[in-house]
Structure formats: C-alpha cells, structure tokens
Ligand SMILES: Cc1cc2nc3c(=O)[nH]c(=O)nc-3n(C[C@H](O)[C@H](O)[C@H](O)COP(=O)(O)OP(=O)(O)OC[C@H]3O[C@@H](n4cnc5c(N)ncnc54)[C@H](O)[C@@H]3O)c2cc1C
C-alpha cells in the first residue's frame, strides 16, 4: 500500500519509522506506519479503518520479546508501551491498561503492601505483552495473579472480558497466540496483603540476582524456552557455544540464553545464530530448543 494512502488513513501515524529504536534487541526494519494511540477509542478506530481497507495490523508492547526482521513490518504497527498507561489499585485488586510496564506494577503494588507482583520487577515489557507471553520469573508467573483481561476482538468489533481460564495461560503461551488479531486492552490482577518492607526487600533481592546473572546489553531476554527438565542457558553453554558470534550478535558469556547485540546487529545474523545454537545443541546433546522470542515482519 502506498505511503500516501497510509498517511491519509492514519494521519497520526509515523511513516517509514525504524522499529529498532522500539525493541530491546535494537533490531528491526521500518514500520510502514507506526501509531501510538492515546486512548482505547483511537486504537479501536484505527483497527477498524485498517480492517476496512485491508491493511494488516501488528501490535507491539514494549518490544522486549520480539525479533523484528530487517525488512520491517507492512501495514499498520500499533505500539502500546507509551500509550494506555493508566493503573489503579482497589482493595487487593490492580487494574492496569495494556501499556503499563511490569516493573512499574511490581514497585507500585509492593509499596502499597500488596504481595504477588514482585516476580515482575525484572521483566521489562508491558501488561499486554505479559498476558500474551504469560510472562514469569522466579517460579511465579502472570497466570497466578491475573483474574481477567479485556480483549478487543476486531472481527466482532467488541471488547470481551476473558477470564484467567479462558486466556489459556501456560508456559510462555496464551490463547492470544491462536488469535493474532486480538488486542489486550486492560487487565485485572488479584494480589494478597503483605508487608511493604518485606516486599520491597524481595524486589531488591530479585534485582540483584538479575544484575549479576544477565548481561547489561541489548537482547530479547531469553532467546529459547526451557527444554524439559533443563535450562536453555545450561545446554547452550554445555554445547560449547558461549561467546559464539555472527556479525554483531553474540551468545553472552554471562548467560548463554541471552544473545546480545553489540550494535547495528541484523535480524539475519540473529536468526543464523539461533539456528546454529539449535543445530549444535541437537547434534551434541540431542535436545530440541524452541524459540521464545516472537518473530515479526518481513525478511
Ligand atoms: C532483559 C530482558 C529480560 C527479560 N526477562 C524476562 C523474564 O524474566 N521472564 C519473562 O517471562 N520474560 C522476560 N523477558 C521477555 C519479555 O520482557 C516478556 O516476554 C514481556 O512480557 C514482553 O512484553 P512486551 O510488552 O515487551 O511485548 P512485545 O515484545 O512488544 O510483544 C510480544 C508479543 O506480544 C504481543 N503483544 C504485545 N502487547 C499486546 C497486546 N496489548 N495485545 C495483544 N498482543 C500483544 C506482540 O504482538 C508480540 O507477539 C525479558 C526480556 C528482556 C529484554
């Protein structure tokens, strides 16, 4: 679709916008059109227009679990990390819009004496991405605290409330993987009363563990999911792959499941390194690695 047409359909969108600046890995070609809606109404209107004109829609949260290919993303990309960022606490419940960052919720709830969100302190993405991925850490995950999510279903034009069970949350997966058009707008979590000082101390401890155990360089966090009864970092290291580098992408010496970008890395190199790791681990250890990071866009 012509740039002029996209500009006419989505006047608030940025055209031909490089997406690497919106991803934790600092990789990704341009979005034909990038929109950061300031309200649910604006988001729904844009999606409706896109549907009418056959423009494909891609949702980005914080861009912390995506590999956007160098060719970029066709059609309309809607980014929610800077939009839809309201949250509030009522009793032991937290209601948060899709664009609220998980570390913000971890801090906010701990300070208010609500327990259950501490695990989220080092997960840099948004509420929407966390529901999509059932994000978790330190033996806790989103599924344990999420009561429901309000989800926009463009095919019916309606917002529906999906319960925890209906969201089918499992290890780094949700029902949203089967419905690429659905958009998480808002969520409600149920927490427990706790002591603010203890909760803050837990968060501090989790942060320290992360600082020591992962590289402070651009990456997508965990590249691979956990294989059965094992850890991807351990098996990649056991296969002798730590420090292996293709172009600007390198398997970190600090944690082998982190593939770091030294600057200007391409999606092609990232994919080559991912494939090399899978092949080597398969050949040497007979273990099949499955990627966790979500691949979006055109090669
Ligand atoms: C340094 C680092 C550490 C990390 N540590 C952890 C960790 O400990 N545990 C963990 O689970 N993950 C971790 N991650 C991965 C990542 O932060 C999580 O998966 C996070 O939940 C992704 O959220 P996001 O908003 O960045 O989603 P994005 O990366 O923007 O998107 C991920 C997927 O979700 C979809 N999506 C995003 N928002 C919505 C929405 N509103 N509606 C529908 N679909 C949506 C996107 O289309 C995409 O398919 C880490 C990443 C980094 C960079």
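What follows draws every value from the coordinates through simple rules; no lab data is involved. Just so it is clear, the model here is predicted, and its values are computed rather than measured. Cβ placement follows ideal geometry from the backbone for every residue including glycine, while neighbour counts extend to all protein chains displayed.
Radius of gyration over Kirkwood radius for region 139-254, both on Cα atoms: the Rg/Rh ratio is 1.06. Each of residue 160 and residue 14 was given a label point 7 Å from its Cα along the Cα-to-Cβ line. The distance between the two points is 3.4 nm. Counting other Cβ atoms within 10 Å as a rough exposure proxy, the listed residues 90, 5 run 90, 5 from fewest neighbours to most.
The residues 133, 44, 211, when put in order of fewest to most other Cβ atoms within 10 Å, stand as 211, 44, 133.
Taking the DSSP beta bridges with both ends in the chain, the antiparallel portion is around 80 percent.
Look at where the Cα atoms of region 49-124 and of region 186-244 average out, and the two centres are 18 Å apart.
Region 251-283 and region 3-29 have their alpha-carbon centroids 26 Å apart. R0 = 45 Å: FRET efficiency of residue 41 with residue 287, Cβ-based, nearest 0.05? E(calc), rounded to 0.05, equals 0.40.
For a Förster distance of 41 Å, can you work out the FRET efficiency between the beta-carbons of residue 245 and residue 210, rounded to the nearest 0.05? Calculated value: 0.95.
You can think of it this way: the chain between residue 217 and residue 88 has 43.2 nm of extra reach, that is 0.36 nm per residue less the Cα-Cα gap. Shape descriptor for region 215-296: Rg over Rh equals 0.93 (Cα atoms; Rh from the Kirkwood inverse mean 1/r). Over the residues of the chain, the helix contribution to mean residue ellipticity at 222 nm works out to -8500 deg cm²/dmol, using -39500 (n - 2.57) for each DSSP H run of at least 4.
Remark: C-alpha extents of region 58-99 on the principal axes read 47, 18, 12 Å, sorted largest to smallest. Ordering 274, 249, 236 by the number of other Cβ atoms within 10 Å of each residue's own Cβ, fewest first, gives 274, 249, 236.
In this calculation the C-beta distance from residue 272 to residue 177 is compared with R0 = 22 Å, giving a FRET efficiency of 0.30.
In vacuo Debye scattering of the chain, one point per C-alpha: log10 I(q)/I(0) at q = 0.11, 0.14 Å⁻¹? Treating every Cα as an identical point scatterer, log10 I(q)/I(0) equals -0.69, -1.09.
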